[in-house]
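All remarks here apply to the structure that follows.
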Amino acid sequence: MTTRRRMLVTLGAAMLAHPLALFAQQPPKIRRVGFLWHGARPDQLGAGNIGAFRRGMRELGYIEGKYLIIEWHFAEGKVERLPDLAIDLVRANVEVIVSVSTPTTRA
């Protein structure tokens, strides 16, 4: 094979392989979720509805701290705080806000 032909084959193979290498090396995207709760922050985030939410996300492959960041906002039972907390979550650029009650959804 001539030098020119060898060079063209090498360049062609490199051009075909390059896009595949880009796809293989992309790290998984880290998702940002806002969680708005009308009540007080529990002692442990692994109990009740909050624990169920965290377990469900983990079961779907969203591992907190690795593929998932959760912005926790608690109103401490003061419903009037909910609108400001919701605005904070929007400013934090979360992809979705999880709301589990009518007051939090309205906020």
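Applying a threshold of 7 Å to beta carbon distances and a minimum spacing of six or more residues, or different chains, the list of pairs starting in the stretch 43-68 at a residue that is closer than 16 Å to V98 by Cβ and open to solvent by 50 Å² or more (accessible area, probe 1.4 Å) and ending at one that is of a type in the set (A, V, I, L, M) and in a strand (DSSP E or B) reads Y62/L68; E64/I70. For the stretch 69-93, a residue qualifies if it is buried (at least 19 other Cβ atoms within 10 Å of the Cβ) and under 20 Å from the mean Cα position of the chain (by Cα), and the qualifying residues are I70, H73, L85, A86, L89. Just one of the listed residues (R81, R106) is among the basic types (K, R), more than 18 Å from K29 (Cα to Cα) and modelled with pLDDT under 90, namely R106.
Mind checking which residues of the stretch 94-104 are closer than 17 Å to H38 by Cβ and either of a type outside the set (A, V, I, L, M) or open to solvent by 50 Å² or more (accessible area, probe 1.4 Å) (or both)?
I97, S99, V100, S101, T102, P103, T104
The combined condition, being surrounded by 11 or more Cβ atoms within 10 Å (Cβ to Cβ) and modelled with pLDDT under 90, is not fulfilled by R5. Just so you know, in the stretch 17-42 the residues that are assigned to a loop (DSSP other than H, G, I, E, B) and at pLDDT 75 or above include one that is farthest from G77 (Cα to Cα), and it is P28.
The values are calculated or read from the model by the stated rules, or taken from the named source; none is laboratory data. These figures come from a predicted structure and were not determined experimentally. Don't worry about glycine lacking a Cβ; one is built from the backbone with ideal geometry, like all the others, and counts go over all protein chains shown. When the accessible area is computed, the model is the full protein with side chains, heavy atoms only, and any ligands, DNA or RNA have been set aside. Shrake-Rupley method; radii C 1.70, N 1.55, O 1.52, S 1.80 Å.
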